[in-house]
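Trainee: Before we start, here is the structure in question, set down as structure tokens.
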Amino acid sequence: MMEAATSAVRAPAYRAVVRRRTASLRGGARSAKVEGMSVSHSYQTVTLARGKHASPRTGACVMELASMLAGEDFTDRPASVCPVIAAFLRAYNDAIDDRRRQDLYRFASAAVGTRASTAMTRARAQRCVEELRALRRWPFGPFTGPRASPESVPGMERLAGRLARELHRSGVGGHTRALAFADGLLAMGPVATGRPVLSGSAPAREAASAR
């Protein structure tokens, strides 16, 4: 409960900061809180690129851009982003071509403040499981995916990354499906009350019955 409550308090604050920062994109460039970074390498001018980068001067992946918007150190694992969402977007960022990669720009700001309770992280990982099992790789029939999400955060991250790569390889419509899936993960929370999300889910019902 303490973890969930803390996340609920922090999330709106993160989102308010991001709204102020992203609003500056319309008015002009602003320098990120990255040591040695000039105004010419701001949120407005950074180009989304494949892989991990030492600084925005050489580009940034979608999660490195999220770290800039959140005012964190420049990293592809920002503390303010749900690890499942971050893993999915990192992997998809690296899988697609330069043109489609720019479609991920909006997710950098949307993802900030999504780090939530352990229950929410597991719920998002379970959505990755469900999407993997629903994914069909025509003409080879159903794709065999895991039945349950891993217990560890690194395992959940690997699962989300696997899904991103499979969606990229799924063929026509895969890009649209991947963007819609990312939107779905973002829409899952966090919630302002700090209570378990997805009230119809098994974890939420168990938590409610324990009160």
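The values are calculated or read from the model by the stated rules, or taken from the named source; none is laboratory data. None of these values were measured; they are calculated from a predicted model. Because the Cβ atoms are built from the backbone with ideal geometry, glycine has one as well, and the counts that use them run over all protein chains shown.
Trainee: Could you please let me know if THR45 is more than 22 Å from PRO154 (Cβ to Cβ), hydroxyl-bearing (Ser, Thr, Tyr), modelled with pLDDT of 50 or more and not in a helix (DSSP H, G or I)?
Mentor: Details: more than 22 Å from PRO154 (Cβ to Cβ): yes; hydroxyl-bearing (Ser, Thr, Tyr): yes; modelled with pLDDT of 50 or more: yes; not in a helix (DSSP H, G or I): yes.
Criteria met by THR45.
Trainee: Another question, if that's okay. Are any residues in the range 77-114 assigned to a loop (DSSP other than H, G, I, E, B) and either touching a residue at least 60 places away in the same chain (Cβ under 8 Å) or surrounded by fewer than 23 Cβ atoms within 10 Å (Cβ to Cβ) (or both), and if so, which ones? Give the steps one after another, and end with the answer.
Mentor: Quick first cut of the range 77-114, residues assigned to a loop (DSSP other than H, G, I, E, B) only: 77-82, 96-97, 112-114.
If the condition is that a residue be assigned to a loop (DSSP other than H, G, I, E, B) and either touching a residue at least 60 places away in the same chain (Cβ under 8 Å) or surrounded by fewer than 23 Cβ atoms within 10 Å (Cβ to Cβ) (or both), then ARG77, ALA79, SER80, CYS82, ILE96, ASP97, VAL112, GLY113, THR114 are the ones that fit.
Trainee: Do the conditions hold for PHE74, that is, is it aromatic (Phe, Trp, Tyr) and either buried (at least 22 other Cβ atoms within 10 Å of the Cβ) or within 22 Å of GLY155 (Cβ to Cβ) (or both)?
Mentor: No, not satisfied.
Trainee: On the given criteria, is GLY189 over 15 Å from GLU130 (Cβ atoms), in a loop (DSSP other than H, G, I, E, B), among the small types (Gly, Ala, Ser) and at pLDDT 80 or above?
Mentor: Values: over 15 Å from GLU130 (Cβ atoms): yes; in a loop (DSSP other than H, G, I, E, B): yes; among the small types (Gly, Ala, Ser): yes; at pLDDT 80 or above: no.
No; evaluated as a whole, the condition is false for this residue.
Residue-by-condition table, conditions (1) surrounded by fewer than 12 Cβ atoms within 10 Å (Cβ to Cβ); (2) within 15 Å of ILE85 (Cβ to Cβ); (3) in contact with a helix residue (DSSP H, G or I) (Cβ under 9 Å, 6 or more places away or on another chain); (4) at pLDDT 80 or above:
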{"site": "MET120", "(1), (2), (3), (4)": "no, yes, yes, yes"}
{"site": "GLU130", "(1), (2), (3), (4)": "no, no, no, yes"}
{"site": "GLY145", "(1), (2), (3), (4)": "no, no, yes, no"}
{"site": "ARG158", "(1), (2), (3), (4)": "no, yes, yes, yes"}
{"site": "LEU167", "(1), (2), (3), (4)": "no, yes, yes, yes"}
